[in-house]
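Just below is one structure, and these are the notes that go with it.
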Amino acid sequence: MAQSSQKKTVLDFTPKVPQEVINLALERVKQKEVACFNNGTIQKKKYKIINYTTSVAVDMKYNVWVEVVDPCNDIVKKLWIQYKETKEGQYVCTKDTFYTSKN
C-alpha cells in the first residue's frame, strides 16, 4: 500500500511556478519603459502586457514568458524573465531579456 501511494505522488508531481514569481515578473514588465521617437521628440512609454505563460526548468529555475506590445511600433515581442529561489526562500531574477525566435 505504501508503494502505491508513493508512486502516485511521483506521477502526480508537476512543478509549478509560484504565484509570487509570476507577480514579480509581471510587476517587472509593468515598470519597464521604452523611449519612443514621435515628431522629433522622445516620449517614455510602457509596454502593454497581452499574455504570459510559465515553465519550470530542469534546474528548478522559474520561467515567465510575457507577450508585450512595443508602444513605439505596435510589434508584439516576447520577454523571457527567469527567477531562482535562494536558500533563504527569496526569489532572485536571473534573466530578463527579449526572446527572438529564429523563424
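The values are calculated or read from the model by the stated rules, or taken from the named source; none is laboratory data. Since the model is a prediction, treat every value here as computed from it, not as a measurement. In this analysis, Cβ positions are derived from the backbone assuming ideal geometry, glycine residues included, and neighbour counts consider all displayed protein chains. Note: accessible area is taken over every heavy atom of the protein model, side chains too, but ligands, DNA and RNA are not part of it. Shrake-Rupley method; radii C 1.70, N 1.55, O 1.52, S 1.80 Å.
Quickly run through segment 61-75 and pick out the residues that are over 14 Å from the mean Cα position of the chain (by Cα) and of a type outside the set (S, T, N, Q).
V69, D70, P71, C72, D74, I75 - these are the residues of segment 61-75 that are over 14 Å from the mean Cα position of the chain (by Cα) and of a type outside the set (S, T, N, Q).
Determine whether segment 63-77 contains at least one residue that is of a type in the set (K, R) and in a strand (DSSP E or B).
For segment 63-77, residues of a type in the set (K, R) and in a strand (DSSP E or B): present.
Out of the residues in segment 48-70 meeting the condition of being open to solvent by less than 30 Å² (accessible area, probe 1.4 Å) and not aliphatic (A, V, I, L, M), tell me which one is farthest from P15 (Cα to Cα).
D70
Check K46, K78 and return the single one that is closer than 29 Å to K16 by Cα, within 10 Å of the chain's Cα centre (by Cα) and charged (D, E, K, R).
Criteria check complete, one pass: K78.
Collect the residues in segment 78-98 that are within 29 Å of N38 (Cα to Cα) and either touching a residue at least 60 places away in the same chain (Cβ under 8 Å) or not in a strand (DSSP E or B) (or both), keeping them in residue-number order.
Once the filter is applied, which keeps residues that are within 29 Å of N38 (Cα to Cα) and either touching a residue at least 60 places away in the same chain (Cβ under 8 Å) or not in a strand (DSSP E or B) (or both), segment 78-98 yields only D96.
Residues of segment 38-55 being touching a residue at least 24 places away in the same chain (Cβ under 8 Å) and part of a strand (DSSP E or B), which ones?
Of everything in segment 38-55, those that are touching a residue at least 24 places away in the same chain (Cβ under 8 Å) and part of a strand (DSSP E or B) turn out to be K45, K46, I50, Y52, T54, S55.
Using the structure shown, decide if T86 is more than 12 Å from R28 (Cβ to Cβ), under 12 Å from the mean Cα position of the chain (by Cα) and of a type outside the set (K, R).
no
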